[in-house]
Each structure stands twice: as structure tokens, then as C-alpha cells.
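Working notes, structure below.
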Amino acid sequence: MADCAPLIVGLGGTLRHGSSTQFAVERALDYAGRLGATTRMFAGPELELPFYAPETPDRSQRATALVDALRQADGVVIGSPGYHGSVSGLIKNALDYAEDLSRDPRPYLDGRAVGLIAAGAGMQAAVTTLGMLRDVTHALRGTPTPYGVVFNSTDKSRERTSKTELQLETLAEQIVALAWALRG
């Protein structure tokens, strides 16, 4: 297994098809793929899961697929829009399913590289959301990359788009390198 390409799982977006957050996570995964990683994306509709209920062992097919992918992952890219100063409920609920990994040899996101992306209709929302994603990553024992990506989703300028692409490429480089390093 040490010679296999690292698996990088992407979580992100909104229920709106083609959201800017989903697009950013997909772009980061594209860059990771160019660096030799295997990738798997869980976008908005795939994250439309029942509210996480730890006392109920029954899981939907989507929830089981997400938990199995997280279990196998060497790295995770998480992208969230900034909703009212925080992570979206859709993303937070998906991350709550990591509790199903609590009794695994690698519990939660332990030993996994985690890249973070936050978008907002203004930089304040994006920066606040990135901070919340870092807090959740630490609580889940994940290892965040030093670089996190934030962008203003209402700024459609070529300059912003170009800067964001460079940021996503940097994030992908760090998550793939960190995933390899954490494997030992």
C-alpha cells in the first residue's frame, strides 16, 4: 500500500449545482490528481445526508459511502461557503459523520492531511469560515496544511480567479506532500 497513490477525498459545495465552493474543491482535486493522487469528490447533493445521530447505527447509502471514503483517505479537502459567520450546516453535518471512525485504528481524521477552502460573499465571511474549518479539523485530529484558501465568491474578476487558481494549486501541492509524509 505504501507505493499506491494517496487518496484525497473532497467534501464541499452547496446544494446548488456548480457552486463556487464545489468548483474550488474540484479544482484542488484536479491539481492533486496531476500530482499523482487518486481523488474522490463528495459534492452538494451527495452530502445531503440525514442529520448525524450517533445513537442510530443505521446509515444511508450516501453516509456509508462518505464514511468509507474518509476511512480510506490519506487526505481530505474540505470546502465550505461562509454562512452567517460559520461553516454551512451541510458541511458540518457531513463532518459529524467522522464520528463513525472514532473506534478505528486511525480515529476521526487522525493521520490524514486536510486542506481547507472557504468562500464568502466578502472576505470577512471567508476568513471566519476558514478559522472554523481549522478548529473542526483540529477537533477531528486531522493535520491541516499550512496553506488555506479563502476567496470572495462575488468577485468574478480575472485577477481574483487567477489568484484563486494559484492558491488551489499550492493547497494541492501541500496536501499531496503531507499525505505522503504522514504515511511514513
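The values are calculated or read from the model by the stated rules, or taken from the named source; none is laboratory data. None of these values were measured; they are calculated from a predicted model. Here the Cβ positions follow ideal geometry from the backbone for every residue, glycine too, while neighbour counts run over all protein chains shown. Areas reflect the complete protein model, heavy atoms only, side chains present, ligands, DNA and RNA absent. Shrake-Rupley method; radii C 1.70, N 1.55, O 1.52, S 1.80 Å.
I want to confirm something. Restricting to region 95-108 and keeping residues that are part of a helix (DSSP H, G or I) and not aliphatic (A, V, I, L, M), which single residue is least open to solvent (accessible area, probe 1.4 Å)?
Pass one, region 95-108, residues part of a helix (DSSP H, G or I): 95-101.
Now drop any that are not not aliphatic (A, V, I, L, M), which leaves 96-97, 99-100.
Working: Asp96: 51, Tyr97: 6, Glu99: 72, Asp100: 47 Å².
Filtering region 95-108 for residues that are part of a helix (DSSP H, G or I) and not aliphatic (A, V, I, L, M), the one least open to solvent (accessible area, probe 1.4 Å) comes out as Tyr97.
Okay, residues lined up against (1) of a type outside the set (A, V, I, L, M); (2) assigned to a loop (DSSP other than H, G, I, E, B):
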position	(1), (2)
Asp110	yes, yes
Leu116	no, no
Val127	no, no
Gly131	yes, no
Val136	no, no
Val150	no, no
Arg160	yes, no
Glu165	yes, no
Leu168	no, no
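Taking region 14-40, which residues are polar (S, T, N, Q) and part of a helix (DSSP H, G or I)?
Hits for region 14-40 are Ser20, Thr21, Gln22.
Determine if region 44-57 includes at least one residue that is farther than 24 Å from Leu7 by Cβ and charged (D, E, K, R). First the steps, then the outcome.
Start the filter on region 44-57 by keeping residues that are farther than 24 Å from Leu7 by Cβ, which leaves 50-51, 53-57.
Still in the list and also charged (D, E, K, R): 55.
Within region 44-57 (the criterion being farther than 24 Å from Leu7 by Cβ and charged (D, E, K, R)), the answer is yes, since at least one residue qualifies.
Just for region 7-31: of the residues that are among the β-branched types (Val, Ile, Thr) and touching a helix residue (DSSP H, G or I) at 6+ places or on another chain (Cβ under 7 Å), which one is modelled with the lowest pLDDT?
Step one: of region 7-31, the residues among the β-branched types (Val, Ile, Thr) are 8-9, 14, 21, 25.
From the residues that got through so far, the ones that are touching a helix residue (DSSP H, G or I) at 6+ places or on another chain (Cβ under 7 Å) too are 8-9, 14.
Values: Ile8: 98, Val9: 98, Thr14: 92.
Among those that are among the β-branched types (Val, Ile, Thr) and touching a helix residue (DSSP H, G or I) at 6+ places or on another chain (Cβ under 7 Å), it is Thr14.
Suppose we keep only residues that are in a helix (DSSP H, G or I) and without any contact (Cβ under 8 Å) to a residue 60 or more places away in the chain within region 64-87. Which one would you say is surrounded by the most Cβ atoms within 10 Å (Cβ to Cβ)?
Leu66
What residue, among those in region 130-184 that are open to solvent by 40 Å² or more (accessible area, probe 1.4 Å) and hydroxyl-bearing (Ser, Thr, Tyr), is farthest from the chain's Cα centre (by Cα)?
Among those residues, the one meeting the criterion is Ser157.
Within region 41-53, identify whether any single residue is farther than 20 Å from Leu140 by Cβ, of a type in the set (Asp, Glu) and either part of a loop (DSSP other than H, G, I, E, B) or under 14 Å from the mean Cα position of the chain (by Cα) (or both), and answer yes or no.
yes
Within region 1-23, how many residues are within 19 Å of Val150 (Cα to Cα) and open to solvent by 70 Å² or more (accessible area, probe 1.4 Å)?
Residues flagged as within 19 Å of Val150 (Cα to Cα) and open to solvent by 70 Å² or more (accessible area, probe 1.4 Å) within region 1-23 amount to 1.
Would you check if Arg112 is among the charged types (D, E, K, R) and either open to solvent by 30 Å² or more (accessible area, probe 1.4 Å) or more than 14 Å from the chain's Cα centre (by Cα) (or both)? Give the derivation first.
Details: among the charged types (D, E, K, R): yes; either open to solvent by 30 Å² or more (accessible area, probe 1.4 Å) or more than 14 Å from the chain's Cα centre (by Cα) (or both): no.
No: the conditions fail for Arg112.
In this structure, does Pro57 turn out to be open to solvent by 10 Å² or more (accessible area, probe 1.4 Å), free of Cβ contacts under 8 Å to residues at least 24 places away in the same chain, more than 21 Å from Gly111 (Cβ to Cβ) and of a type outside the set (Asp, Glu)? Steps first, answer last, please.
Numbers: open to solvent by 10 Å² or more (accessible area, probe 1.4 Å): yes; free of Cβ contacts under 8 Å to residues at least 24 places away in the same chain: yes; more than 21 Å from Gly111 (Cβ to Cβ): yes; of a type outside the set (Asp, Glu): yes.
Answer is yes for this residue.
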